[in-house]
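The values are calculated or read from the model by the stated rules, or taken from the named source; none is laboratory data. In this text, all values refer to a predicted model and were calculated from it rather than measured experimentally. Here the Cβ positions follow ideal geometry from the backbone for every residue, glycine too, while neighbour counts run over all protein chains shown.
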């Protein structure tokens, strides 16, 4: 029977790896709001202390500089481990291919070991990239994907696929309460201007009055989810006992060209659109089948695209105007 409401999260103390990153910082913030203590682990390779600076005065928050591929030790009780450490944008994982593979493999192994030691629920941040350039549309969780393991995106795609296999093995052989969420394109405040993904790139260019660079003909599609919705979905998954994988994303699909035009309109920019070469193995389509998330978690994305875009641009504009 479908659930009519989301499972209730009763976490007392959580560890968030990659907690100073874009998604991780929002997870830390929401966990604190719900009354949990939070240990944030990050090596600041792609995250930033600035993302959690507003949390530092909270007595329940602790920030630890830590590379999870080297070690992971957290004293005291922990009942939830959210493993969100990883470069996540093409520009980052193409620049850091070995670290991306290591955090997907060794980092996940260490995080699962911590969850086993503490008897904690474990949630792996996997990705829609495990579906590759999909031949099934929209993508359900039982689709195995169409991934090029030796292409430039393989370091991220295969690192996440390996992490899923590792989490599943730990659940089956070590008794770890491990779960997998597959995250689809997410946007919102605290994305980096040099992130390399479409939305932050378009916003930065539009606000600067520069040409907005659309790859290829721009007809390739994405389904973009506002960060608040994603956080709600991840924590709903953390609160249940299902192993997943579960798709967390907004099934409202739009073309890259449409996204670029919407950004230009929302910023009031005079920027024009120019077309550049499309990256190797860039997916032609991307849209989650979110049936399982609705039925299992009582979750669905609620923030409309243009509302989320307006919130993101407002944050971006304020950030740009702040003195260095």
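What to note about this one:
- Lone qualifier among 77, 57, 142, 67 - being within 30 Å of residue 291 (Cβ to Cβ) and either modelled with pLDDT of 95 or more or over 21 Å from the mean Cα position of the chain (by Cα) (or both): 142
- Within the stretch 204-215, the set of residues being touching a strand residue (DSSP E or B) at 6+ places or on another chain (Cβ under 9 Å) and either at pLDDT below 95 or not in a loop (DSSP other than H, G, I, E, B) (or both) comprises 205, 206, 212, 213, 214, 215.
- Top-ranked residue in the stretch 229-250 [being surrounded by fewer than 19 Cβ atoms within 10 Å (Cβ to Cβ), touching a strand residue (DSSP E or B) at 6+ places or on another chain (Cβ under 8 Å) and at pLDDT 95 or above; ranked as farthest from residue 126 (Cα to Cα)]: 242
- Residue count for the stretch 131-156, restricted to those that are touching a helix residue (DSSP H, G or I) at 6+ places or on another chain (Cβ under 7 Å), assigned to a helix (DSSP H, G or I) and buried (at least 24 other Cβ atoms within 10 Å of the Cβ): 1.
- Listed by first and then second residue, the pairs linking a residue in the stretch 259-281 that is on the phi > 0 side of the Ramachandran plot and in a loop (DSSP other than H, G, I, E, B) to a residue that is surrounded by 16 or more Cβ atoms within 10 Å (Cβ to Cβ) and modelled with pLDDT under 95, with Cβ atoms under 6 Å apart and 6 or more places separating them unless they lie on different chains, are 281/153.
- Condition check for residue 24: part of a helix (DSSP H, G or I), touching a strand residue (DSSP E or B) at 6+ places or on another chain (Cβ under 9 Å) and at pLDDT 95 or above: yes
- Looking only at residues of the stretch 116-130 that are touching a helix residue (DSSP H, G or I) at 6+ places or on another chain (Cβ under 6 Å) and outside any strand (DSSP E or B), we find that the one that is farthest from residue 146 (Cα to Cα) is 116.
- Test: residue 31 is within 22 Å of residue 183 (Cα to Cα), at pLDDT 95 or above, touching a helix residue (DSSP H, G or I) at 6+ places or on another chain (Cβ under 9 Å) and surrounded by 19 or more Cβ atoms within 10 Å (Cβ to Cβ): yes
- In the stretch 218-225 there is at least one residue that is in a loop (DSSP other than H, G, I, E, B), free of Cβ contacts under 8 Å to residues at least 40 places away in the same chain, in contact with a helix residue (DSSP H, G or I) (Cβ under 9 Å, 6 or more places away or on another chain) and surrounded by fewer than 18 Cβ atoms within 10 Å (Cβ to Cβ).
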